[in-house]
1. Which three extents, in whole angstrom, do the alpha-carbon atoms of segment 83-170 cover along their principal axes, largest first?
2. If you rank Asp127, Asp160 by fewest surrounding Cβ atoms within 10 Å, what's the result?
3. Below 13 Å, Cα to Cα, which aspartates and glutamates can Lys136 reach? Residues fewer than 8 away in the same chain don't count.
4. For Lys14, give me every one of the lysines with a C-alpha distance below 18 angstrom, ignoring sequence neighbours fewer than eight places off in its own chain.
5. Please check which bits of segment 113-127 a label hung off Glu64 would reach, taking the label as a point 7 Å along Cα-to-C-beta and the cut-off as backbone N under 16 Å.
6. Extending each Cα 7 Å along its Cβ direction at Thr12 and Ala161, get the distance between those two points in nm, one decimal.
7. Of the residues Val131, Val71, Val88, which exhibits the maximal mean-square fluctuation in a Gaussian network model of the chain defined by a 10 Å Cα contact cut-off?
8. Under the Kirkwood approximation for Rh and a Cα-based Rg, what ratio Rg/Rh is obtained for the chain?
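Every read-out reported here was derived from the displayed coordinates using simple, explicitly stated rules and does not represent laboratory data. Since the model is a prediction, treat every value here as computed from it, not as a measurement. Here the Cβ positions follow ideal geometry from the backbone for every residue, glycine too, while neighbour counts run over all protein chains shown.
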Amino acid sequence: MKLNLKGERCFTDKCAIERRNYPPGQHGQGRGKASEYGRQLREKQKVRRIYGVQEKQFRAYFQEADRLKGVTGENLLKILESRLDNMVYRMGYAGSRNEARQLVRHGHFTVNGKKVNIPSFLTKAGDIVAVRENSKKIPAIVSAQEGVGSRGVPGWLEIDAKNFTCTIKELPKREEITMPIEEHLIVELYSK
């Protein structure tokens, strides 16, 4: 499945899924149907790779989502979407979540006026994510600023392109997360 992990490359003919849509190796084309456990595990691994989260951290996010009121799978997706590196990616300042993670790690962003260099920092509704003053001249951010909106900015974010800021109006609802994720399989996997 195309996860768009390579940024712009996934939209060209060089995308590996477009060229060869089967697993590598001699027996890649002859694989049989996966078991129910295999489907659940594959879905969990897919979500982990999309958001760039390790197993221990993902399990902690799941336990937090399980404690919250509401549907556990939707809560898990809300937590993953509220990570700072994902916010930078959604704002359009990075072509991929890995690039967004690196920009955050190098200290180019602030949350509510305070420098944050932790990609897993969880934002809340009402937070203001901004590019630091010294970082507004970095070529990657300048080029991304010119193309803001080309990928489409989610409705739950309010971007001020002139000031390099973004206000989080609310955390996303399940309908606003358009990625092909079946979160009920993840809940079933961890509920065993």
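1. 29, 25, 23
2. Arranged by neighbour count, lowest to highest, Asp127, Asp160 become Asp160, Asp127.
3. Glu146
4. Hits, sequence-local ones excluded: Lys2, Lys6.
5. Those under the cut-off are 117-127.
6. Those two pseudo-labels are separated by 2.4 nm.
7. Val71
8. Checking Rg against Rh, the ratio lands at 0.99.
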